[in-house]
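Visitor: Encoded as structure tokens, here's the structure I'll be asking about.
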Amino acid sequence: MAVLTHLGPTPRDTAAVVAGLGLVSRWVGLAMLAPALVSLLLGEHRDASALLLGAAVGVLLGALLQRGRPPGRLTWTQAFTLAGGAWAVATGVAAVPLALSGHHATLLQAIVEAMAGLTTTGLVVVDDLDHLGVGMNLWRHLLHAIGAVAALLVVATIRQRGQTFVATSNVAESGDHHVLPRRGRSVRAALGLVVVWTLLGTVVLLPLALLAGATPGRALLHAATLATSAFSTGGFTLTSASAGALHAATVQLVLVVLMIAGATSLVLHRSLWARRIRGVRNELDVRVAGLTGATLLLVVLLGLRRAEVFEGATELVRQGLFTLVAAHTTTGMTPGPGRLLVTGWGEMAPAGIVAAMAIGGMAGSVAGGVGTLRVGILAKGIARDVRRLLLPESALVPADYQQSRRHVLTDRHVRAAATIVLLTLASVFGAAVIELATTSDGDLPEALFHAVSAVSTTGITVGFLDAGNDQVGLVVTGLLMWFGRMEFLAVLAALGMVARYVPGVGGRG
Amino acid sequence: MSARQRPEPRGGPLGAVLTLLAVVAVVVLVAWLRATAPQSPTDTAVPAEALGGADVLDCEELEREGPVAATDGTRRAPSGAVLECPFAFDGLRVRYVGEVVGDVLQRDGGSWVLLNDDDYALRTGPLGAGGEAAGTNSGLSVWLPDPLDELATVPGRAGVRGDVLDVVATVQRADPADGGGLTLRVDDATLLAPAVELEDPVHWRQVGAAVALGLLALGLTLRDRARRRR
Amino acid sequence: MRALRPDADELRVVVGVLGRMFEATAGLHVPALVVAVAVGELRDASALLLSATLALLAGRAARRLRAPDDELRWSTGMVVVASTWLLVPVFVALPLWLSGHAAAPIDAYFDAMSGFTTSGLSLLQDLDHLGAGLQVLRHLTHFAGGQGIVIVVLTVLARGAGGASTLLVGEGRDERVVPNVLRTARLIYLIAGAWAVVGSSVLVVTLLGSGLTPWRALLHGTTLFMAAFDTGGFSIMSSSVAYYHSAAVEAVLVVLMVAGALSFPLHWLLWQRRVGDATRSLDLRTFATTTGLLGTLLVVGLAVHGTYADAGALARKGVFTAVSAATGTGFTVVAPQAWGTWGQLGPAVVVALMGIGAMAGSTAGGVKTLRVGLLAKSVLADVRRALAPTSQVVVATHRSLRRTSIVDDGQARSAFVVTLLFLGCYLAGALVGVFEGASIEAALFESVSASANVGLTIGVLVPEASTLLKAVAVVQMWLGRLEFLAAFALVGWVWQLGAAGASDVRTRLA
């Protein structure tokens, strides 16, 4: 077998990627049929026709791209190009019914909403959510589920290549012409996890919603949407009251469990499923999550105490804990109006929330943010440097960390983590500066809060973005969510690969 | 290298152009459908005099004059102001007007209700059947004790502007009964405007497009499936 | 892995070197004493004499330990540097405390630390009535902290050249300007001296032109030069540079501040007219880029916010503040209360400039533009690697002085670790400030100013602030000056010393 020294994509590559894109388009379109049915049954005819139209567009586009031929097995290079392009295609198709719902002032707004859904951010971009049709609202939540499955699919696939890959590289190291392993297993893992937990959540939440006073139909709606939104760490909710809609402590407790489950890595789920609990304690990202979670919880509670926000301890803990978990898992639901976080929580507590959002959930889960694994790698890297300084002989013993098995901590690891952290910081500050420069009465802390919320795909809405009017802010927010979900370099890798398809830039076409 | 010889893919530049045209066509279609969406002729505005006109409480006034400015429940507090300076509003008795949205959660001794006082609730009406875009919703959680909660019968939904209630309530910035949430505890309420179901004319062009493209999609899918079986 | 525990010999070496530091500190008091006596400030003079004597005695006592004439190990050198910066300010704090201008002992120590770390924050009250002798002492601490201490160490330890040469750049990697360390130190003296003569003269002349009397002009001129060239930021008057109301003075100071923010190897290159080599340095380029971009953003932000109606005033205030922040000097033409008129973007940009800092190997603080440049190159390399096709191998290089080196994983990691430590310091200090009641913007401003040894203040660090806040700021200034690693070395060393059994070591010392 000849070794390919490949400079550009072949027609086979192009066909494989395009066919894959067609598949994505078709499935996103087909997913719209369920909410369309709900709309029809409820008599929301405008939404029903919008969703049906969207489904048709998705399927037609898919057919056009696939040209009747199903894709074969992809190579790694093709797969990464596909991942990048799939986001674009999925967002475009998903935005069609949203654009026709009448709840978006501009097409851009509908696209950013679709992006907020698929990236499991959950930022409220839609106008007049409280009067949005049930079917259309279900479509929004379905986007979270689709985004979660897609994210887990990527994780499951990459995992089959090797654990080191997840930690050290931020993207395909370079082109790779080996073929992906059979995708059935990855798909089953990703889909299974999302479906099982969402169903479980719905079943548990349903009686709680009924107890809270909702009518049966509405209770089911609340249960299903809350469960989807929490496990996918998205954050969309039925009404503008976010997670406080049902005014029930039990509901919030269940949501906390679901959110944490969503921020748990796929590998850990598998271990827990197989009852391999003992080793879990030593996993680096678990330890970091525990440490940062506990520390930031203390910071938030202390800050709330200092600002005398709550009188009773129960309210303090309930609101503080829920919001912190929602931030750290990058879900983004709030127990009350999000605006209160910046107007009525003092100075210290919001700072803790921002830190939690930035750190995010575990690597290899649906959650966003920098990732507890990276934070752990960085902390270990610093500790190693300091130790080397104090005990020069310790340089002979390599540092290591645990992620399923022990890995050696190399400069490569630290450097990869550093790149992501730096890109995150740079994008947050750059976005804040741009938004402050273009809006007349911007507030810097709010701008930073919003930027971190977007790039970590959390989605806590504090009212900084005026989605209907602020086009620049909308674009910046959309870019932050996209880059954050795809961890920066993956976007660039995809763009780079796409660029090579352009004749002249790439090799033979 | 695959074991089976796969036919060389066809297409290339032609396919790219076709796809691009298709995308452009979709964008144009969506834009056209948005532009030609029929508006609902129903007027849902609550008259300004009923709302108390421009005489609303705001943060600067409260900061200057203190709690006295609220004059014990006669002046209206907009939800935006309450969220902007919650500490200033804490414990004040104010008037609040809002549309019931979401659910009426009937529980022990009353109901939890979300009352919105944004433009969709009180002025231009809900989006969907036309209507003006006016940003996100804004409202406050309200506790209606028995029997006042019987006034809230129809919550706002798609195509429905819900019951508009006029309440006198005390602002609880960190209500223990709601686990620390910001609520209004109502002691007096009246129905200002009953629910209005908007006339929702069918967007025939959209329906037509959906049906046409849907049939096309169905047809193509069936053809592809048949082809593959051969 | 067992470390080489700090043994008696090492302890003696450290204490011995510290002894020399104390003696040098005593020497520092001399010019101040002369001025105090000449002007007739006898009370201050007696305080200065007391402090000088104590320093001398402490130095002599330490030297009696008869430290072995060994080569200084790198880690021991770190310990020396860290403890010097911790202990020497005690002697300077004494006359400040005795002068009555400090509300509490910690305020006096704060000022002394601020001087030696070339920060420039001050908790002294009634600065405008502080005696000339003490003013001279304060400014001399800038000089000592900036150049003097390192030079003294080098000349004193010239015999142990092999080990001492690593002290110049604390990474264990140094830009050797000349093979002989002693010559390096003398070169630094020469360059600094030349700048001192020229700079002070120009300043004195300019100040005479702006209306000061001859002796005052001399006093202000020399002290301003030290504060500018050592990027310290102390000033004799509480209104800082705004006191002079002179565009000419500000212009001269801008030149001096930038000169102070250039690394000494770069100075040497410029001295040798090798401008081409100088401009190719990554550090310089990054410094120019960040300062230029952010400075422009600042001026634009001010213009948009409408802070200054007159374009001239806008440029003057904006450029001066940008340079003052970027070089880590801390001179201000804006009163602390007036920062509020700068809107949201202005102070934020200033914070960014302060945080990034200037060139490594100069007296400036902050993360240092060399690290920023290395990290940028590293990230860009990753980006290019992501975009590049299979066959390309992407390698980042950077240019420094005479050679081109590869930005490898180790360098990137090292740069990043220190950057992260700085960021952590900034945020931790801000958190304490918020805890003490400041707004988050003000707390962050002050925290960055302290950690990056800048000295611009927004009004959080004042005599009325809590002791906790002051103590935290002192630690931040110390950590920032030492770029963390030396401080950690000291902490670890002391810890091990304690663990080894202090009594054990003591008996062996006798």
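Please treat every number below as a calculation from the coordinates, not as lab data. Computed from a prediction, not measured in an experiment: that's the story for all the values here. Here Cβ is always computed from backbone atoms with ideal geometry, including for glycine, and neighbour counts include all displayed protein chains.
Visitor: Find the centroid of the Cα atoms in the stretch B:36-71 and in the stretch C:463-485, then give the distance between the two in whole Å.
Guide: So the two Cα centres are separated by 51 Å.
Visitor: Cα atoms only: what Rg and Dmax, in Å, come out for chain B?
Guide: 26.4, 86
Visitor: Run the simple label-point estimate for B:A16 and A:V257 please: 7 Å along Cα→C-beta, distance reported in nm.
Guide: Between B:A16 and A:V257, the simple spin-label model gives 5.3 nm.
Visitor: Using Cα atoms only, what is the angle between the long axis of helix B:204-229 and the major principal axis of chain B, expressed in degrees (0 to 90) to the nearest 10?
Guide: 40 degrees
Visitor: Here's a follow-up. Within chain A, which whole H helices from DSSP have a Cα span along their axis of at least 18 Å and a mean Kyte-Doolittle hydropathy of 0.0 or more, if any?
Guide: Both cut-offs are met by A:11-31, A:45-66, A:76-99, A:134-159, A:183-211, A:216-231, A:249-262, A:284-306, A:313-328, A:372-390, A:411-438, A:471-485.
Visitor: Which longest uninterrupted range of chain A lacks any trypsin sites (Lys or Arg not before Pro) assigned by DSSP to a loop state (not H, G, I, E or B) and surrounded by at most 12 other Cβ atoms within 10 Å?
Guide: A:277-507
Visitor: Sorted from largest down, what three extents in whole angstroms do the Cα atoms of chain A have along their principal axes?
Guide: 71, 68, 52
Visitor: Which ordering of A:D400, A:D128, B:D149, C:D128 is given by a fewest-first count of other beta-carbon atoms within 10 Å?
Guide: By the 10 Å Cβ count, ascending: C:D128, A:D400, B:D149, A:D128.
Visitor: Would you be so kind as to identify which of C:G492, A:A230, A:L211 lies farthest towards the positive end of the dipole of the protein assembly as shown, taking Lys and Arg as +1 and Asp and Glu as -1 on Cβ and the Cα centre as origin?
Guide: After comparing all options, I get C:G492.
Visitor: So what's the projected area for chain C, the Cα convex hull averaged over all directions, in nm²?
Guide: Projected over every direction and averaged, the Cα hull of chain C covers 25.8 nm².
Visitor: Where in the stretch A:89-129 does the amide nitrogen come within less than 11 Å of the point 7 Å from the Cα of A:D466, taken along Cα to Cβ?
Guide: From the stretch A:89-129, the list is empty.
Visitor: If you restrict to DSSP beta bridges whose two residues both lie in the protein assembly as shown, what percentage is antiparallel, to the nearest 5?
Guide: 90 percent
Visitor: Mind telling me which of B:L33, B:L114, B:L165 comes out most flexible in a GNM of chain B, alpha-carbon contacts under 10 Å?
Guide: Result for chain B, Cα springs under 10 Å: B:L33 fluctuates most.
Visitor: Mean 1/r over all different Cα pairs, inverted: what Kirkwood radius does the stretch A:182-262 give, in Å?
Guide: Every distinct Cα pair counted, the radius reaches 12.8 Å.
Visitor: Which order results if C:H129, A:H413, C:H398 are arranged by neighbouring Cβ count within 10 Å, fewest first?
Guide: With the fewest neighbours first, C:H129, A:H413, C:H398 line up as C:H129, C:H398, A:H413.
Visitor: Also, quick follow-up: Over the stretch A:324-424, one equal point on each Cα, no solvent: what is log10 I(q)/I(0) by the Debye formula at q = 0.12, 0.16 Å⁻¹?
Guide: Debye intensities relative to I(0), on a log10 scale: -0.52, -0.78.
Visitor: Another question about this same structure. Run the numbers for B:D43 and B:E197: contour at 0.36 nm per residue of separation, minus the present Cα-Cα distance, in nm.
Guide: 54.4 nm
Visitor: So if R0 is 45 Å, what FRET efficiency would C:A303 and C:T279 give, r being the distance between their Cβ atoms, rounded to the nearest 0.05?
Guide: Calculated value: 0.90.
Visitor: Can you give me the distance in nm between label points at C:L380 and A:A313, each placed 7 Å from the Cα along the Cα-to-Cβ direction?
Guide: Here the answer is 5.6 nm between the modelled labels.
Visitor: Ranked highest first by average number of other Cβ atoms within 10 Å, how do B:135-148, A:80-93, C:308-321 line up?
Guide: So the order, starting with the most tightly packed, is A:80-93, B:135-148, C:308-321.
Visitor: Here is a further query. With unit charges on the beta carbon (Lys/Arg positive, Asp/Glu negative), name the residue among C:T290, C:G100, C:S122 whose Cα is farthest towards the positive pole of the charge dipole of chain C.
Guide: Result: C:T290.
Visitor: Also, quick follow-up: Of all the Cα-Cα pairs you can form in the protein assembly as shown, what percent are over 61 Å apart?
Guide: That tail contains 20 percent of the Cα-Cα pairs.
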